[in-house]
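Read through the structure below, which is laid out as structure tokens, and then see the notes.
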Amino acid sequence: MTSDAEKQVGDLGFPDMGSGYEVNYTFGRQGPIGVVKETTLAELLQRYADILWDEGRHKYNVKAFIGELDEILLGARFSAFSQELLDGLIGALRKRGNSNATINRKMAALGKLLRKAYKMGDIHNLPEFKRQKEKAGRLRFLEADEEEVLFREIASRSELYLYLSIFLVDTGARLGEAIALKWNDIHEGRATFWVTKSGRSRTVPLTVRAKDALKRVADRSPGPFSRIDQQKYRAVWNAAKVDAGLGNEDDLVPHILRHTCASRLVRGGIDLRRVQMWLGHQTLEMTMRYAHLASHDLDMCVPVLERHLK
């Protein structure tokens, strides 16, 4: 007998989940031979959230994403996550008005959770995740005068947050990377970030200004910024942004310091491959969004075009 929830899932265009609670399967080389019990996204999240994601804003967002997807599925149970089921989720999100960029973020969270579940034998099938094409948005970064007035407002509220802001803009580090930094990660004028979004460590040399910022917080442990609460820092940032006359810009968030670092490197003549290494991007494609700033590289084209005039 089919439950009301299963009927509703079917009405949304999702495949029939089946009415049983167990399914026999054989993986061969891909996994163990045994029995898989049906599960839900909510159960998988509860089981693996603390393993896959560190505490913080990102983990909070992931829980919201997975919770929404589970709600769309009406808490349906499954032992395999089919391509048809994934396509149905994407279609439902698009009907809710989600942009491709938002869908990509939600699918990234879902994909990470399902891969873990597959590896642990909780499900016996994975769909193919394809990134949705995103529109190129305006890339915002701070000019020198904007940085000066914003940092002045931050300093009036907290010197510690000022030193963190300086460190972020001069290293291009993500907020979470800077907070996770330990003192033994800083050696001979270089900082090594071990806790990164890509899972790959990277080391960058420090500017004089960044070194000075670290000296001023030398009494803090176990790292220069490790006891900073991200939400409190964002609250101070938002208040400072308003008093700096930048309060009407929604995209002016702390992550803009990373964009600012990248833009200064590119506009200063650093090639994109080195910028990729500095930022820790997994692919050069991620760094290419800064390519338009390298306009000086095109100056050499003008003499060639004007040659026929001479």
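The values are calculated or read from the model by the stated rules, or taken from the named source; none is laboratory data. Because the structure is predicted, anything quoted here is derived from the model rather than measured. As a convention, Cβ positions derive from the backbone with ideal geometry for all residues, glycine included, and neighbour counts pool all protein chains shown.
Data overview
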| quantity | calculated |
| --- | --- |
| Counted residues, segment 178-195 - those being free of Cβ contacts under 8 Å to residues at least 24 places away in the same chain and surrounded by 21 or more Cβ atoms within 10 Å (Cβ to Cβ) | 1 |
| Qualifying helices (runs of 4 or more DSSP H) (wholly inside segment 155-246; at least 1 residues being modelled with pLDDT under 95 and closer than 23 Å to residue 58 by Cβ) | 175-180, 230-243 |
| Scope segment 34-71; condition among the aliphatic types (A, V, I, L, M) and either surrounded by fewer than 18 Cβ atoms within 10 Å (Cβ to Cβ) or assigned by TED's automatic domain parsing to the domain that holds residue 196 (or both); matching residues | 35, 42, 49, 51, 52, 64 |
| Residue check for residue 201: in the same structural domain as residue 182 (by TED's automatic domain parsing), surrounded by fewer than 19 Cβ atoms within 10 Å (Cβ to Cβ) and within 20 Å of the chain's Cα centre (by Cα) | yes |
| Checklist (1) loosely packed, with under 10 Cβ neighbours inside 10 Å; (2) under 17 Å from residue 141 (Cα atoms) applied to residue 283, failing item | (2) |
| Residues located in segment 120-137, provided they are under 18 Å from residue 82 (Cβ atoms) and either buried (at least 18 other Cβ atoms within 10 Å of the Cβ) or without any contact (Cβ under 8 Å) to a residue 60 or more places away in the chain (or both) | 122, 123, 124, 125, 126, 127, 128, 129, 130 |
| Matching residues in segment 217-233 - criterion: being of a type in the set (Lys, Arg) and surrounded by 15 or more Cβ atoms within 10 Å (Cβ to Cβ) | 220 |
| Which numbered condition residue 304 misses (of (1) in contact with a helix residue (DSSP H, G or I) (Cβ under 9 Å, 6 or more places away or on another chain); (2) surrounded by fewer than 14 Cβ atoms within 10 Å (Cβ to Cβ)) | (1) |
| Filtered residue count, segment 72-123, keeping only those that are assigned to a loop (DSSP other than H, G, I, E, B) and aromatic (Phe, Trp, Tyr) | 1 |
| Odd one out for residue 106, checked against (1) surrounded by fewer than 20 Cβ atoms within 10 Å (Cβ to Cβ); (2) closer than 19 Å to residue 133 by Cβ; (3) not small (Gly, Ala, Ser) | (1) |
| Checklist (1) at pLDDT 90 or above; (2) in contact with a helix residue (DSSP H, G or I) (Cβ under 8 Å, 6 or more places away or on another chain); (3) surrounded by 13 or more Cβ atoms within 10 Å (Cβ to Cβ) applied to residue 291, failing item | (1) |
